[in-house]
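The values are calculated or read from the model by the stated rules, or taken from the named source; none is laboratory data. This structure is a prediction, so every number in the text was calculated from the model and none was measured. FYI the Cβ positions are ideal-geometry reconstructions off the backbone, even for glycines, and counts take in every protein chain you see.
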Amino acid sequence: MTQRVMLYFVLLVFAPSGLLASTAEPDPALIDLLARSMAAETDQTDHFDAQVWLMSSTPKVVRYVSDEDERTLLLQDVYREAARHDLDPDLILSVIQIESAFDRFAVSVAGAQGLMQVMPFWRTEIGRPQDNLTNVSTNIKYGSAILAHYLNVSRGDLVDALARYNGSRGKLNYPELVIRAYRGTWQTLSNDALPGLTNGCRSYGLAACGPLGR
């Protein structure tokens with residue numbers, strides 16, 4: 001089975017319960033965070049740390065995004081939203097890999113759209129029905145805010161937050177996939193700087209964690 005076929009199989013497996021596809025009432029705190037995030041001005045400040053991260057991440061993204069300009073803009077968007085929400089940008093890239101394989105036009109059978117597979121109803125919830133979820137910047141803004149919210153709700157429990165993001169809380173399949181991608185490809189921070197990862201690996205015993213000696 002090719003990697004692409006395997007990816008679409010994974011997306012189909014998780015899509016029915018996909019990102020926030022439940023019929024429960026949306027969390028007002030998440031609606032507020034999304035609204036504020038989408039209304040915020042874009043920070044164009046060029047930071048040294050951002051440039052270092054961009055340089056280290058670019059070779060990893062080449063296999064998914066061949067166009068240099070598109071790749072640079074995507075990484076800039078990821079870093080900016082990670083900084084806005086105090087997220088590890090490598091975690092965002094891991095979620096993007098598993099959700100869409102960096103295909104900004106990806107659509108799940110549940111209707112989730114774009115890089116981070118955001119459900120369209122969020123646009124209406126925050127009064128922005130015009131937002132285009134296939135737009136890289138827009139999708140990363142939505143997805144990053146949602147992920148940050150669930151990390152906050154989960155009190156830093158990365159495994160629980162990832163399951164909530166996928167709409168499969170109580171199951172470990174999706175966290176296993178994301179953490180395997182993170183550990184295998186994207187991770188640049190040491191484990192000492194990632195208490196959410198190390199605590200989650202110990203608590204849930206995920207196979208994707210492997211030896212935490214890094």
Please give the number of the condition ASP86 fails out of (1) more than 15 Å from the chain's Cα centre (by Cα); (2) touching a residue at least 60 places away in the same chain (Cβ under 8 Å). (1)
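Assess whether PRO59 counts as being over 13 Å from the mean Cα position of the chain (by Cα) and either surrounded by 13 or more Cβ atoms within 10 Å (Cβ to Cβ) or assigned to a helix (DSSP H, G or I) (or both). Can you show your working first?
Working: over 13 Å from the mean Cα position of the chain (by Cα): yes; either surrounded by 13 or more Cβ atoms within 10 Å (Cβ to Cβ) or assigned to a helix (DSSP H, G or I) (or both): yes.
In short, yes.
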From GLU176, GLU125, which residue is among the acidic types (Asp, Glu) and at pLDDT 95 or above? GLU176
VAL78 fails exactly one of the following numbered conditions: (1) in contact with a helix residue (DSSP H, G or I) (Cβ under 6 Å, 6 or more places away or on another chain); (2) over 14 Å from SER144 (Cα atoms). What is the number of that condition? (2)
I need a count of the residues in the range 116-155 that are in a loop (DSSP other than H, G, I, E, B) and touching a residue at least 24 places away in the same chain (Cβ under 8 Å). 9
Is it the case that SER22 is in a loop (DSSP other than H, G, I, E, B), surrounded by 11 or more Cβ atoms within 10 Å (Cβ to Cβ) and at pLDDT below 80? yes
Single condition GLU70 does not satisfy, out of (1) at pLDDT 95 or above; (2) surrounded by fewer than 18 Cβ atoms within 10 Å (Cβ to Cβ); (3) assigned to a loop (DSSP other than H, G, I, E, B): (3)
Of the residues in the range 172-200 that are assigned to a helix (DSSP H, G or I), touching a residue at least 24 places away in the same chain (Cβ under 8 Å) and hydrophobic (A, V, I, L, M, F, W, C), the one that is farthest from THR58 (Cα to Cα) is LEU197
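Does LEU54 fit the bill of being of a type outside the set (Phe, Trp, Tyr), at pLDDT 95 or above and either surrounded by 23 or more Cβ atoms within 10 Å (Cβ to Cβ) or farther than 23 Å from ARG169 by Cβ (or both)?
Details: of a type outside the set (Phe, Trp, Tyr): yes; at pLDDT 95 or above: no; either surrounded by 23 or more Cβ atoms within 10 Å (Cβ to Cβ) or farther than 23 Å from ARG169 by Cβ (or both): yes.
Considered against the rule, which asks whether it is of a type outside the set (Phe, Trp, Tyr), at pLDDT 95 or above and either surrounded by 23 or more Cβ atoms within 10 Å (Cβ to Cβ) or farther than 23 Å from ARG169 by Cβ (or both), LEU54 comes out as no.
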Note on the range 73-87: residues more than 16 Å from ASN152 (Cα to Cα) and among the hydrophobic types (A, V, I, L, M, F, W, C) are LEU73, LEU74, LEU75, VAL78
Unique match (being surrounded by fewer than 18 Cβ atoms within 10 Å (Cβ to Cβ) and under 21 Å from SER144 (Cα atoms)) among LEU177, LEU189: LEU189
